[in-house]
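Accompanying notes for the structure given below.
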Amino acid sequence: MSSYDRKPTKVIPIKNGEAYCGWEAISNTLKTKLSGDKWTLVVECYPGTDEKAMEELVSSFAPKSVIRTKDLLKDQETLNTLLRPILTDDRVFGRMYYGTLEDFWDSAKVTVAKEQVATAEETVLVIGFGASLIASGDLNLLLDINRWEIQLRYRKGMSNYFTDNPQEDTLRKYKQGYFLEWRIADKVKYDAFFWMDYFVDMNITEKPSMISRDLFHQALEKDANEPFRVVPYFDPGVWGGQWMKDKCNLDSNMSNYAWSFDGVPEEDSLRFLFGDVTVEMPAQNLVLLKPKAVLGEKPYARFGAEFPIRFDFLDTIDGQNLSLQVHPVTEYIHKNFGMSYTQDESYYILDAKEDACVYLGLTEDCHLPTMIEELEAANRGEKLFEAEKYINVFPAKKHDHFLIPAGTCHCSGRNAMVLEISATPYIFTFKLWDWGRLGLDGKPRPVHINHGKHVIQDYRRTEWVKENLVNVTKVIEENNSYKEEHTGLHGLEFIETRRFTISKEAEISCHESVNVLNLVEGETCIVQSIDGSFSDFKVHYAETFIIPASVGKYRLVADQGEVKVLQAYVRC
């Protein structure tokens, strides 16, 4: 059985602070804090948390008045007018929203709500998304939830915050979260980190966990200064494979697993143990709260409080080809979607069968206008697209590295296990051809030739691709303890990748940047502190782990034979 840890958990000693598990323990604690005939309880809720469950709990305290922030929204017709240019008519893509929650509130209603709290002579509950913008309570709670859990709830029929759309296409729900709701919610949540009295993990509504503000900050301070892993998630797909079932200890009864996000703080979570209380929270909380310590000063100056590197798995072992696709160049993604940087990436082949391959770049004799015509005809169902006629096909073997700067046509073929290393804006994939398949929902998978044809870089043809994008490996240093190699990425991309083959140990620099790493060969590896500031951190095969920039330097030790570790960081 694999040693891959699907629920990495960090133990936080309870020095100062409190931790509780379950509604009864939370209720008893709140009752002791809300005594007397006059108090205000403010419950800030991240969109997707079960506000009703918390309100039902507090109703037992008999607040004389309840202010629900949902009631402060503008009428639905006005909201729809505001949402239309943000969400667009596209099934997948919207435009990034940089405004605030107040943009969607009725200012007159807000004025009344604030006045009601300010003049109250009795007990008041203010609850919902944005509650903290209405009042500062005698007791203040922050209810939080992971983005993956939000997506699962979308699938089960949960509506978006600004729209009553339980039956809506899940992709459209996800789009509204990604481009709008989560962006403004993170702004509200960041302020709550400092005024809240308690943080409440609402990922399991039936069994919430609550910790004090002190414990919340202790946990994130610890992760900001030592190695950590995020909690990965796994999902099936139409092209999914079988490799991750075994290597990542997944349910063998599932038909397949297509991808895993293991190393994506924007989507993944952090898991902590406080005594006997487990708390899971969005890993983005760490990035929001400790951006300089985690990212490094120079990456922070460039990206702000956004984690710029993403590691994920794409499994096509005994599966099917990924969709043929291309990612937007920076100018296009900025102009059309409001993003400041784009989805450059690479495929590191973690494992492969003999017939594995990668489609990458245009063939020398590809006539691009004809290729676009053929793609459009194929997606109308008039014919099949002959991909090999226009796109290079390279054999892929274990530890090959294919670089994919934005604007390069690409996809993994079947029978490859890909560790995808890329910039964070992961949603911006323009599918060109999906081999005539339907998605798991029975609907045609979205294809965006209308976008893709504008960003394909025509000069990236066979010889250029071979020279610039396929196994561009260079030895940096080699000694009797380790070998360090540059494996990518291309000069057009901001991420640098190094592969360390370690027989004994290697001292590694963070290069003034957050480091994201994966143990790509070997059973285990130990991460050691150079100055003793953190305890030894054990990593197992295929696990992604993160070293904050604040660590500066660290040591990787091969404790059970030779290992290979792939390191990625931001070129500063």
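The values are calculated or read from the model by the stated rules, or taken from the named source; none is laboratory data. No experiment lies behind these values; they were computed from the predicted model shown. FYI the Cβ positions are ideal-geometry reconstructions off the backbone, even for glycines, and counts take in every protein chain you see. Protein only, heavy atoms only, side chains kept; ligands, DNA and RNA dropped before computing areas. Shrake-Rupley method; radii C 1.70, N 1.55, O 1.52, S 1.80 Å.
Could you tell me which residue of region 364-417 is most open to solvent (accessible area, probe 1.4 Å), considering only residues that are part of a loop (DSSP other than H, G, I, E, B), within 15 Å of LEU324 (Cα to Cα) and hydrophobic (A, V, I, L, M, F, W, C)? It comes out as LEU384. A single entry from TRP105, TRP39 fulfils the requirement of being of a type in the set (A, V, I, L, M, F, W, C) and in contact with a Ser or Thr (Cβ under 6 Å, 6 or more places away or on another chain): TRP39. Annotation: LEU360 fulfils all but one of (1) open to solvent by 10 Å² or more (accessible area, probe 1.4 Å); (2) part of a strand (DSSP E or B); (3) among the aliphatic types (A, V, I, L, M); (4) closer than 25 Å to PRO425 by Cβ; the unmet one is (1). Taking region 224-241 as the range and being touching a Gly at 6+ places or on another chain (Cβ under 7 Å) and under 20 Å from TYR541 (Cβ atoms) as the test, the residues that pass are VAL230, GLY241. For region 253-296, the set of residues classified as under 18 Å from ASP312 (Cα atoms) and either open to solvent by 10 Å² or more (accessible area, probe 1.4 Å) or in a strand (DSSP E or B) (or both) consists of ASN256, TYR257, TRP259, SER260, PHE261, GLU266, SER269, LEU270, PRO282, GLN284, listed by residue number.
To keep it simple, each residue is scored yes or no on (1) open to solvent by less than 10 Å² (accessible area, probe 1.4 Å); (2) in a loop (DSSP other than H, G, I, E, B); (3) modelled with pLDDT under 95.
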position	(1), (2), (3)
LYS298	no, no, no
ALA301	no, no, no
ALA305	no, yes, no
ASP312	yes, no, no
GLN320	no, yes, no
TYR332	no, no, no
ASN336	no, no, no
TYR341	no, yes, yes
SER346	yes, no, no
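Quick check on region 469-484. Is at least one of its residues crowded, with 18+ Cβ neighbours inside 10 Å, under 30 Å from GLU364 (Cα atoms) and of a type outside the set (Ser, Thr, Tyr)? There is at least one residue in region 469-484 that is crowded, with 18+ Cβ neighbours inside 10 Å, under 30 Å from GLU364 (Cα atoms) and of a type outside the set (Ser, Thr, Tyr).
In region 108-125, the residues that are within 13 Å of VAL42 (Cβ to Cβ) reach residues that are aliphatic (A, V, I, L, M) and modelled with pLDDT under 95 with C-beta atoms within less than 7 angstrom, at least six apart or across chains, in these pairs: LEU125/VAL58. Going through (1) within 20 Å of TYR154 (Cα to Cα); (2) in contact (Cβ under 8 Å) with a residue 12 or more places away in the chain one by one, THR69 falls short only on (1).
Within region 437-467, the residues that satisfy the criterion of being under 16 Å from CYS409 (Cα atoms), surrounded by 12 or more Cβ atoms within 10 Å (Cβ to Cβ) and either in contact with a strand residue (DSSP E or B) (Cβ under 7 Å, 6 or more places away or on another chain) or among the aromatic types (Phe, Trp, Tyr) (or both) are VAL447, HIS448, ILE449, HIS451, GLY452, VAL455, ILE456, ARG460, ARG461, THR462, TRP464, VAL465. Among the residues of region 84-91, is there at least one that is among the β-branched types (Val, Ile, Thr) and buried (at least 16 other Cβ atoms within 10 Å of the Cβ)? Yes, there is a match, as at least one residue in region 84-91 is among the β-branched types (Val, Ile, Thr) and buried (at least 16 other Cβ atoms within 10 Å of the Cβ). Only a single item in (1) in contact (Cβ under 8 Å) with a residue 40 or more places away in the chain; (2) touching a strand residue (DSSP E or B) at 6+ places or on another chain (Cβ under 7 Å); (3) surrounded by fewer than 22 Cβ atoms within 10 Å (Cβ to Cβ); (4) at negative phi is not met by TYR554, and it is number (3).
For region 193-227, the set of residues classified as surrounded by 23 or more Cβ atoms within 10 Å (Cβ to Cβ) and of a type in the set (Gly, Ala, Ser) consists of SER209, ALA219, listed by residue number. Only one entry of SER159, SER212 meets the criterion of being small (Gly, Ala, Ser) and under 26 Å from LEU139 (Cβ atoms), and that entry is SER212. Report whether or not TRP39 is surrounded by 12 or more Cβ atoms within 10 Å (Cβ to Cβ), over 24 Å from ILE150 (Cα atoms) and aromatic (Phe, Trp, Tyr). Yes: the conditions hold for TRP39. Taking the conditions (1) touching a strand residue (DSSP E or B) at 6+ places or on another chain (Cβ under 8 Å); (2) of a type in the set (Ser, Thr, Tyr); (3) closer than 26 Å to LEU375 by Cβ in turn, THR487 satisfies each one other than (3). Among the residues of region 105-119, none qualifies, meaning not one is at pLDDT 95 or above, within 28 Å of the chain's Cα centre (by Cα), open to solvent by less than 80 Å² (accessible area, probe 1.4 Å) and under 30 Å from LEU171 (Cα atoms). I'd like to check something: does region 354-367 contain any residue that is over 14 Å from SER422 (Cα atoms), over 28 Å from the mean Cα position of the chain (by Cα), at pLDDT 95 or above and polar (S, T, N, Q)? Within region 354-367, one or more residues are over 14 Å from SER422 (Cα atoms), over 28 Å from the mean Cα position of the chain (by Cα), at pLDDT 95 or above and polar (S, T, N, Q). Hey, any hits in region 333-352 for a residue that's in contact (Cβ under 8 Å) with a residue 60 or more places away in the chain, out of contact with any strand residue (DSSP E or B) (no Cβ under 7 Å at 6 or more places or on another chain) and hydroxyl-bearing (Ser, Thr, Tyr)? No. Taking the criterion of being open to solvent by less than 40 Å² (accessible area, probe 1.4 Å) and not aromatic (Phe, Trp, Tyr), the residues of region 426-436 that qualify are ILE427, THR429, LYS431, LEU432, ASP434. Looking across region 142-182, the residues that are within 30 Å of TRP195 (Cα to Cα), open to solvent by 30 Å² or more (accessible area, probe 1.4 Å) and in contact (Cβ under 8 Å) with a residue 60 or more places away in the chain come down to TRP148, GLU149, ARG153, MET158, THR163.
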